[in-house]
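What follows is a short report on a single structure.
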Amino acid sequence: MAKELAKQYDPKNVEDRIYNFWLKGNYFHAKNEPDKKTYTIVIPPPNITGQLHMGHALDNTLQDILIRFRRMQGYDTLWLPGTDHASIATEAKIVEKMREEGVTKEEIGREKFLERAWDWKEKYGGTIIKQLKKMGSSCDWERERFTLDEGCSKAVREVFVRLYDKKLIYRGNRMVNWCPCCNTSISDAEVEYEEKDSNFWHLLYTVKETGEKLELATTRPETMLGDTAVAINAEDERYKHLHGCHCILPLLNKEIPIVCDEHADMTKGTGVVKITPAHDPNDFEVGRRHNLPVVRTFTYDGHLTGKKEKEEADAYIASGRAAADEPEVLDCGKYAGMTTLEARKAILEDLEKGGYIKYIEPIKHEVGTCYRCHTSIEPMVSKQWFVKMQPLAEPAIEAVEKGETVFVPDRFTKNYLNWMRATRDWCISRQLWWGHRIPAWYCPECGEMTVSREDVKKCPKCGAAVEQDPDTLDTWFSSALWPFSTLGWPENTQDLKHYYPTNTLVTGYDIIGFWVSRMIFSAIEYTGQVPFDTVLIHGLVRDALGRKMSKSLGNGIDPLKIIDEYGADALRLTLATGNSPGNDMRFSDDKVGASRNFANKLWNASRFILMNLGENTELTLPSELAIEDKWVLSLYNNLVKEVTDNLEKFELGIAVGKLYDFIWDIFCDWYIELAKIRLQDGGENADNAKRVLVYVMTGILKLLHPFMPFITEEIWQTLPHEGESIMVSAWPEFNEELCFDSEEAEMDRIMTAIRAVRNRRAEMNVAPSKKAKVYVASSYTDTFSKAGVFMKRLAGASDVEVGSEFDVANSVSIVTADATIYIPMGELIDFAAEKARLTKELEKVQKDLDFVNAKLSNDNFISRAPANVVAAQREQQAKYIEKINMLKESIEKIG
RNA sequence: GGUCGUUUAGCGCAGCUGGUAGCGCACUCGCUUGACGUGCGAGUGGUCACAGGUUCGAGUCCUGUAACGACCACCA
């Protein structure tokens, strides 16, 4: 029964309904079928603070394409979704909201704060999940996870304790990146460098023993109160006499040693460096080498330390519980309580007054900033937890070198290896409350530390009540476990056995260091296997001008708005089209418009088919196939092979490009037009055409389904079909029986002829309504005798005569490689113009022939090029010669 | 400073293992052709950044140069 469909496709009438239909059918759920091959993707968990942006849209479109493709291929397919608690980002948002209410974290305390955080998660954490559903994502929502849920938390503790027992996690006073705004340490990976204008302040420190003034430069004069040495290079001739001497630190009037260290580079500046072990990473190392005191002069919220801080620190050290490397704290006196910026100003003023500044040199400087708030980070000595990286990195490097995990495209392998080889110990503790609390308990009585899987109440040594470490773990610590913690690890669950290791990880190149590398080393350490076999890297989605989409620029494009205006399928098609792994892409309304048009084209093709279908059109191919049927089936069959191949190689952009071309150019513009002839004739011929139309259309819909799931399902449901849903129907397979090479070649000749006639008619401004008789002279008389009906329909022919040769007076002649076509047009023709046209064409073909002749007369070419290439050129040559002869003949006829 | 990437029609991009350059948009001309004007037909437009090299033959491989971009890096 023919159904009435709207003239234009409206995604709003379709998408939500179809999505609910899929949910009801439970098609997304992975059934854990032991004998089936699996295909697994774990989603890069979006932050619960997140709103869907174009990056997510791209990432999830690619994943859904792969998942839907494999599901249709018959794999037991799992796409495991979830969200990340995003410690810093979420905590910052909640603190922000509390500020509006006039409350601080400290006022309400840890417990109340966490209550608020969980409330917040319940309220907003689901937003991004809803948005992913709008995109059509076929995730297994029954398996949705959260990095802070019970299972993931258990995995985190297990890992922490195991690493601690292996001495791969340690606690110590180390140099960390401190964000005075977020009030926490952050890892090296979380520091972003920005170029800022700054100065070198060239300072003069007096040498106690000789009284000379030593010049040294610094970009951070506010740290000078914490200087505990001045370094020179042992080899530096200029300063050999100063070995063992001391400097008088300005302002504090304190004696500090001059040390010899390789860090002092003779070729740079004056070769003299001030050493501030508490507030500079290099100086920290120098300090360790020379056993220098570490004097902290900044508070953790970015102010200079004063009496209070000093007394606290002194008391702690005096208690005997502090580690040997506990830093001292300085009472900065008049500077105490100033922010670092205020202190810089005040200290510079005082240095100036004292004559300690030689000169100021303006420079551009890469300054480390916090990736969250972009506040300049302060390097600071602080007691933190670290993961010892080297023993973990080594097997992770080896696994990738051996190809156990491959990056697509390959160039990111190097990126990964560089990152892994250069990585330093990972600072994992954060001075935040939202996150996995560090499972370490301290005894206030005897100082004993207990690290445990279970909560600890009493000190196992002295029995006193213990306190848990107040800090939480870096968000990425739990993300690193995501591929297996979500499958049940450390329990050996059915899911873990069946779906792990996973197959493909899809993510952007900006996150390789943060996340991908940490998953790889974590997985190898705890599960003994790499977490996935392939990492598919995609680029950034930029705006139409190629700029990064950012909040500050305000150039972000909201995917939901795009979906609202154009539909999710159009958005997905836009993101997939032209996408090549690892490369950035530009996004513009124009492109989405083109995608929307394509959806509409597909819609109308199906509308046409439906309008013509009878009661019971069979789903199989008819036994009688016409030349155009064989042609389109042959091309379709080839398409199946290529698209499948492209998808298997992650060439999603290429695959969808081929589909687009086939559907629009081959199927719609040619096949449907040709099929109309038989449809209008009616009878058995029409029935055969209908069956081929349905067959090819169904195949196209399946191939396109991973890219455009909604519209393909909607159309598939209205067409005759078997099964419940296209998304669980079988992926088309290449079929030897549908290879029709000779029909492809014949149709090629016919189509070339039709195009040539159309071309000539257009050039001569012949009205489309004006029909004319056409004579086709060709050695392929069999082929062209089949083409009569086609030419009548598509080339404005009133009648077609086919023969090996014609002599048609007063005619236009059109020469193709395989035929000469004559159209008598009487007075309508300007013979002079016609002759000029033919002459021009002759010149062009002659040029082509010259090119081929040159090749064929080259002995080197003949002897060295492969035989088939030479043969092809000979064939080409013969065609050109033939064409030239025909053109010459036509010119002569005009006279 | 190091590593990597990009450079092909006005714009946005494809071009796999080397065999006389393609797509979309835009542009020009024509079309109420019974699926679609979100459409149909026909066109215009490129010495494939530059310079060398390998090869019978290079957008495609090698070397170098330039511009732009990304990532990494402790430059006091």
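Bear in mind these aren't lab numbers, they're just calculated from the coordinates by the rules spelled out. Being a predicted model, the structure only gives us computed values, none of them experimental. Ideal geometry is used to build each Cβ from the backbone, glycine not excepted, and the neighbour counts take in all protein chains shown.
One table, with the values for the structure above:
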| read-out | value |
| --- | --- |
| Quotient of Cα Rg and 2.2 N^0.38 Å for chain A, N being how many residues it contains | 1.28 |
| Zone of A:Met98's modelled label, taken as backbone nitrogen in the range A:364-405 under 18 Å from a point 7 Å along Cα→Cβ | none |
| For chain A: relative contact order, % (alpha-carbon pairs under 8 angstrom, 6 or more apart) | 13 percent |
| In nm, spacing of pseudo-spin labels at A:Gln73 and A:Asp782 (7 Å Cα→C-beta vector) | 4.0 nm |
| D_trans [Stokes-Einstein, Kirkwood Rh over alpha-carbon pairs] for the range A:164-230, 20 °C, 1.002 mPa s, µm² s⁻¹ | 134 µm²/s |
| Cα gyration tensor shape for the range A:418-496, rounded if a/c is under 1.5, else prolate or oblate | oblate |
| Helical contribution to [θ] at 222 nm, DSSP H n ≥ 4, -39,500 (n - 2.57), averaged over chain A, rounded to 500 | -13500 deg cm²/dmol |
| Net dipole in debye of chain A [+1 Lys, Arg Cβ; -1 Asp, Glu Cβ; about Cα centre; nearest 20] | 780 debye |
| The range A:108-204: C-alpha gyration tensor shape, a/c 1.5 cut-off, then a/b vs b/c | prolate |
| Geometric extent, Cα atoms of the range A:365-405 - Rg, Dmax (angstrom) | 16.5, 41 |
| Cβ-derived FRET efficiency at R0 51 Å, A:Lys388 paired with A:Asn199, nearest 0.05 | 0.85 |
| Contour minus Cα-Cα distance for A:Asn735 and A:Asp589 (0.36 nm per residue) | 48.6 nm |
| Relative counts (whole %) of C-alpha pair distances in the range A:744-828, using bins that are 5 Å wide | 3, 16, 31, 28, 15, 6, 1, 0 |
| For the range A:65-147, Kirkwood radius (reciprocal of mean inverse C-alpha pair distance, Å) | 15.1 Å |
| Label point distance in nm, A:Lys835-A:Asp236, each placed 7 Å from Cα along Cα→Cβ | 9.3 nm |
| The range A:549-660: translational diffusion in µm²/s, Stokes-Einstein, Kirkwood Rh over Cα pairs, 37 °C, 0.692 mPa s | 193 µm²/s |
| Reachable aspartates and glutamates from A:Lys461, criterion Cα separation under 12 angstrom, eight or more residues apart if same chain | A:Glu445, A:Glu448 |
| Proxy reagent accessibility, fewest Cβ within 10 Å first, across A:Arg110, A:Arg691, A:Arg430 | A:Arg110, A:Arg691, A:Arg430 |
| Above-threshold pairs, the threshold being 28 Å between Cα atoms, out of A:Lys268/A:Lys548; A:Lys97/A:Lys130; A:Lys36/A:Lys591; A:Lys93/A:Lys591; A:Lys196/A:Lys254; A:Lys7/A:Lys551 | A:Lys268/A:Lys548; A:Lys36/A:Lys591; A:Lys93/A:Lys591; A:Lys196/A:Lys254; A:Lys7/A:Lys551 |
| For the range A:593-640: rounded, prolate or oblate by the Cα gyration tensor [a/c cutoff 1.5] | oblate |
| Under 21 Å between alpha carbons - lysine pairs in the range A:786-878 that sit 8 or more apart or on different chains | 4 |
| Residues of type lysines that A:Lys457 reaches as a straight line, Cα spacing below 26 Å, ignoring anything fewer than 8 places off in the same chain | A:Lys105, A:Lys112, A:Lys154, A:Lys166, A:Lys167, A:Lys383 |
| Gyration tensor (Cα) of the range A:223-329, equivalent ellipsoid semi-axes in angstrom | 28, 14, 12 |
| Extension gain from A:Glu262 to A:Val728, taking 0.36 nm per residue of separation minus the Cα-Cα distance | 161.1 nm |
| The range A:143-256 - Kirkwood radius from inverse mean 1/r over Cα pairs (Å) | 19.2 Å |
| Rounded FRET efficiency, nearest 0.05, which uses the C-beta distance separating A:Glu882 from A:Gln8 and R0 of 45 Å | 0.40 |
| Reachable aspartates and glutamates from A:Lys31, criterion Cα separation under 14 angstrom, eight or more residues apart if same chain | A:Asp76, A:Asp140, A:Glu142, A:Asp495 |
| Length added when fully stretched, A:Asp510-A:Tyr124, from 0.36 nm per residue minus Cα-Cα | 136.4 nm |
| Estimated vicinal HN-Hα couplings, Hz - the range A:596-606 in sequence order (Karplus 6.51, -1.76, 1.60; Gly, Pro = x) | 4, 4, 5, 4, 5, 4, 4, 4, 6, 4, 5 |
| Length-normalised contact order for the range A:668-737 - Cα pairs under 8 Å, 6+ apart - percent | 22 percent |
| At R0 = 25 Å, FRET efficiency that the Cβ-Cβ distance of A:Lys402 and A:Ala422 yields, to 0.05 | 0.80 |
| Rg/Rh for the range A:685-785, where both radii come from Cα atoms and Rh is the Kirkwood radius | 1.13 |
| Spin-label model distance (nm) - A:Thr219 vs A:Lys307, 7 Å beyond Cα toward Cβ | 3.7 nm |
| Rg [Å, one decimal], Dmax [Å, integer] - the range A:345-461, C-alpha atoms | 22.9, 64 |
| Distance histogram in 5 Å bins (all Cα pairs of the range A:736-895, percent per bin) | 1, 8, 16, 18, 18, 15, 10, 7, 4, 2, 0 |
| Centroid-to-centroid separation of the range A:127-147 and the range A:363-425 [C-alpha atoms, Å] | 30 Å |
